[in-house]
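For reference, the structure discussed in these notes is given below.
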Amino acid sequence: MFRSPRQSMQSHPPVNIEALLTHVPLFNGLVPEEIGRIAKSTREIHANKGDILFHKGDPCNGFHLLVYGQIKLALTSVQGTEKVVEILGQGQSFGEALMFMDKPYIVTAQALTSSLLLHVSKAAIYEELQRDHTLCRKMLAGMAMRLHQLMSDVESYSLHSGKQRIIGYLLRELPDEMPEDSDSAQAIITLPTSKGIIASRLNLTQEHFSRILHELISLGLIAVEGRKIHIPSVARLRLHES
């Protein structure tokens, strides 16, 4: 049985919410007075691995900012099959669009690792939006980026093979400094979560995901060691993406 953060909450040192909000890209440019007002209506949430933050259908009274950890957003069918919609990491936010629409959550959020989140109340955001139109533009830009990513996902599921999806995912996980045009470039990727969750995120069954990994191994494109993926040649892997 899954737990809620409140049910499993342990003793934690106090968090300086104002300092954390200062480093959130969404709030860049806000003066300390504005940050202070938002902080007063912000609460911290410590979630252990497996904790449920909210279920589909729960009311959305604000949005979450992930300070550290990893959160899974997922849908579950009546048969109990889970579809992972998104895997969120440090610095990402979620729930803004539903907050503005006054709609309940359409997914379930679960902590994949020990996580710290900030929940910013809808009332506080509405007050600041009336004072600062810059914040409004930033929130719109953030939601537009999320929409663009969702549209890219739909395109990938519709037009790309499972093999292309997995290769594309591995290439997106490469370090930022990895040169794209180096024929000799090698890389080691550590998968951020289990293969089953990643498979669901890519709209694949776990069995199909495993078969494709074995195919890539047989082609000499990758080597797998637990969650570590060794890529002998990034250039060769890119050639198989198209």
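The values are calculated or read from the model by the stated rules, or taken from the named source; none is laboratory data. Please read all numbers here as calculations on a predicted model, not as lab measurements. Counting neighbours? That spans all protein chains shown, and the Cβs are built from the backbone with ideal geometry, glycine included. When the accessible area is computed, the model is the full protein with side chains, heavy atoms only, and any ligands, DNA or RNA have been set aside. Shrake-Rupley method; radii C 1.70, N 1.55, O 1.52, S 1.80 Å.
Give all pairs with beta carbons closer than 7 Å in which a residue from the range 120-139 that is closer than 14 Å to residue 97 by Cα meets a residue that is open to solvent by less than 10 Å² (accessible area, probe 1.4 Å) and outside any strand (DSSP E or B); count only pairs at least 6 apart in sequence or on separate chains. Between residues of the range 120-139 that are closer than 14 Å to residue 97 by Cα and residues that are open to solvent by less than 10 Å² (accessible area, probe 1.4 Å) and outside any strand (DSSP E or B), the close pairs are 120/38; 122/99. Just the residues that are assigned to a loop (DSSP other than H, G, I, E, B) and either over 21 Å from residue 239 (Cα atoms) or modelled with pLDDT of 90 or more (or both), please, taken from the range 166-201. Across the range 166-201, the qualifying residues are 191, 192, 193, 194. Selection of strands (runs of 3 or more DSSP E) fully inside the range 4-112 by the criterion of at least 2 residues being open to solvent by less than 10 Å² (accessible area, probe 1.4 Å), closer than 22 Å to residue 192 by Cβ and out of contact with any His (no Cβ under 6 Å at 6 or more places or on another chain) returns 62-68, 71-76, 82-88, 108-111. Look at the range 30-49: where a residue is within 15 Å of residue 124 (Cβ to Cβ) and a partner is in a loop (DSSP other than H, G, I, E, B) and among the charged types (D, E, K, R), sitting 6+ places away or on another chain with Cβ atoms under 9 Å, you get 30/132; 34/132.
Determine, yes or no, whether residue 143 is free of Cβ contacts under 8 Å to residues at least 60 places away in the same chain and either farther than 23 Å from residue 69 by Cβ or touching a Pro at 6+ places or on another chain (Cβ under 6 Å) (or both).
Working: free of Cβ contacts under 8 Å to residues at least 60 places away in the same chain: yes; either farther than 23 Å from residue 69 by Cβ or touching a Pro at 6+ places or on another chain (Cβ under 6 Å) (or both): no.
The answer is no for residue 143.
Of the residues making up the range 202-220, those that are in a loop (DSSP other than H, G, I, E, B) and free of Cβ contacts under 8 Å to residues at least 24 places away in the same chain are 205, 219, 220.
Assess whether residue 138 counts as being touching a helix residue (DSSP H, G or I) at 6+ places or on another chain (Cβ under 9 Å), modelled with pLDDT under 80, of a type outside the set (Gly, Ala, Ser) and part of a helix (DSSP H, G or I).
Values: touching a helix residue (DSSP H, G or I) at 6+ places or on another chain (Cβ under 9 Å): yes; modelled with pLDDT under 80: yes; of a type outside the set (Gly, Ala, Ser): yes; part of a helix (DSSP H, G or I): yes.
Taking the combined requirement at face value, the residue satisfies it.
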